[in-house]
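Below is one structure; the comments refer to it alone.
The values are calculated or read from the model by the stated rules, or taken from the named source; none is laboratory data. These numbers come from a predicted model, not from an experiment. Note: ideal-geometry Cβ built from the backbone for every residue, glycine included; neighbour counts use all protein chains shown.
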Amino acid sequence: MALTKYKCIIAYDGTDYAGWQRQKHCANTVTQVLEDTFYRVFNEKVMIKGASRTDSGVHALGQVAMIETTLNISNTGMLTAWNNRLPDAIVVRDIVAMDSDFHPQRNVIEKTYQYHLFLKQPLPLTTRYGWFYRYNLDINKLKKALQVFVGTHDFRSFCTGHDMKTTVRTIDSIVISYQPQFDAYQIDIKGAGFLRYQIRRMVGGALEVASRPLLSIDYLQEVLEKKNPEHSLPNAPARGLVLKEIVYKNKDNQ
């Protein structure tokens, strides 16, 4: 039977998982759980290819992934049966049949990540999804500090690893808003692509500057321009980060 390619929109609570990507000696990744559950339900092995490799503890509302399968079943039937056997922390939100040339990592226009920040002790129902920042914080200074990263820059100072061809990335916008229903601040970061730990290191660095009167925004700019990741600015915890949405160039891929 012929293979059909499907795009899947997936949400997950990453708290108890070792990240999105399959790992050799770890079965507790989001990809592994999705693949194993698919096999138990449909007795067919699939390989899931995702658009973004979220790290351990990071959450998602709109991860995009691709599977290829010979199943002769409706999209709704596949969605319902798969979700019925998945753990509560993972939900396949949508399944759409795609053309053969679709790939979740190609033709991406923009990814939106959100980072959530609590300035007061959060309630138990929300504490898994944000960083309780216990230090005095100047929100206006934080907004200005984050603007240092907007535009096209070499982000070597704010990423981890050496396996990338280039560390130049473009950030389209960074916007902070107050979310009264959660008594939290939400940082929306948009760009076509990001480096490993880039967002968490940027947020951590900006928060450090915004909570220390003796540290200037110019210092953050200097760290960025040095292109050296060996600095003392902190890395924001994974639990506050959410992959919200991925937008593609071809509207049929959305």
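A single entry from Val91, Val96, Val108 fulfils the requirement of being over 20 Å from the mean Cα position of the chain (by Cα) and β-branched (Val, Ile, Thr): Val96. Taking the criterion of being surrounded by 19 or more Cβ atoms within 10 Å (Cβ to Cβ), part of a loop (DSSP other than H, G, I, E, B) and over 13 Å from the mean Cα position of the chain (by Cα), the only residue of segment 1-21 that qualifies is Tyr17.
On the given criteria, is Asp154 in contact with a Lys or Arg (Cβ under 7 Å, 6 or more places away or on another chain) and modelled with pLDDT of 95 or more? Even if it seems obvious, please write down each step before you answer.
Details: in contact with a Lys or Arg (Cβ under 7 Å, 6 or more places away or on another chain): yes; modelled with pLDDT of 95 or more: yes.
Considered against the rule, which asks whether it is in contact with a Lys or Arg (Cβ under 7 Å, 6 or more places away or on another chain) and modelled with pLDDT of 95 or more, Asp154 comes out as yes.
Suppose the filter is under 18 Å from Gly240 (Cα atoms), aliphatic (A, V, I, L, M), in contact (Cβ under 8 Å) with a residue 12 or more places away in the chain and not in a loop (DSSP other than H, G, I, E, B); does Ala81 pass it? Taking the combined requirement at face value, the residue does not satisfy it.
Taking Leu86 as the residue in question, decide whether it is exposed (fewer than 13 other Cβ atoms within 10 Å of the Cβ), of a type in the set (A, V, I, L, M) and within 29 Å of Asn28 (Cβ to Cβ). The answer is no for Leu86.
What residue, among those in segment 206-246 that are assigned to a helix (DSSP H, G or I) and among the basic types (Lys, Arg), is surrounded by the most Cβ atoms within 10 Å (Cβ to Cβ)? Before you say what the answer is, go through the steps one by one.
In the first step, residues of segment 206-246 are kept if they are assigned to a helix (DSSP H, G or I); the result is 206-211, 217-226, 238-240.
Of the ones still in play, those that are also among the basic types (Lys, Arg) are 226, 239.
On the way: Lys226: 13, Arg239: 19.
The residue in question is Arg239.
Restricting attention to segment 22-48, the residues that are loosely packed, with under 14 Cβ neighbours inside 10 Å and touching a residue at least 40 places away in the same chain (Cβ under 8 Å) total 1.
Just name the residue that is surrounded by the fewest Cβ atoms within 10 Å (Cβ to Cβ) out of those in segment 89-113 that are among the aliphatic types (A, V, I, L, M) and touching a Leu at 6+ places or on another chain (Cβ under 8 Å). It comes out as Ile90.
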